[in-house]
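Notes for the one structure printed next.
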Amino acid sequence: MTDDAPVRIAEADGRHAVLAFSGTLDAPALGVLEELLLDPRLREPGAWTLEMSGLEHIDLACAYALLRTVTRAPEPVTLTVQGARPAVHRTLRQAGLDTVAAFTA
């Protein structure tokens, strides 16, 4: 995983994880996203913050990957989406992420 990847784990401890997004998250980046979502550091935390203020675009495939990960987690995950631009928020909502996440400015 490179420093210019569109998503990275900014912090993770046993209770909370922050995933930072930037640039464009689309089909070419789907593999990077799916690999990151399997990272062992994300197994323990019961609360995730998706910091999306730097994300300019997300496609539906990537939004669905986020939704699948959260809804299939063995333990419930509290999800907060922070700083999503209107177009990103719209795509996340189209994928159904608004049913499992709180959105903050």
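Would you calculate, for the chain, the mean residue ellipticity at 222 nm contributed by helices, counting each DSSP H stretch of 4 or more residues as -39,500 (n - 2.57) and dividing by all residues, to the nearest 500? Before the final figure, lay out each step's value.
Details: 3 runs with 30 residues, N = 105.
Calculated from helices alone, the mean residue ellipticity at 222 nm is -8500 deg cm²/dmol.
Each part reduced to its alpha carbon centroid, region 84-98 and region 54-71 end up 9 Å apart. With the simple spin-label model, which puts each label point 7 Å out from Cα in the Cβ direction, the Glu35 to Ala10 separation comes to 2.2 nm. Sorting the segments 21-33, 66-78, 48-60 by their mean number of nearby beta carbons within 10 angstrom, highest to lowest, gives 48-60, 21-33, 66-78. Per the Kirkwood formula applied to alpha carbons, region 1-83 shows a radius of gyration over Rh ratio, Rg over Rh, of 0.92. When only Cα pairs below 8 angstrom with a gap of at least 6 residues are kept, region 11-105 shows a relative contact order of 30 percent. Percent of C-alpha pairs per 10 Å bin in region 30-78, short distances first: 21, 60, 19, 0. Taking the accessible area of the chain, probe 1.4 Å, and keeping the other protein chains in place, the carbon and sulfur fraction comes to 50%. The residues of the chain present an accessible area of 55 Å² per residue when probed at 1.4 Å with all protein chains retained.
The values are calculated or read from the model by the stated rules, or taken from the named source; none is laboratory data. Predicted model only: the values in this text are computed from it and were never measured. Using ideal geometry, Cβ is built from the backbone for each residue, glycine included, and neighbour counts are taken over all protein chains shown. Accessible surface is based on the protein model in full, side chains and every heavy atom, while ligands, DNA and RNA are left aside. Shrake-Rupley method; radii C 1.70, N 1.55, O 1.52, S 1.80 Å.
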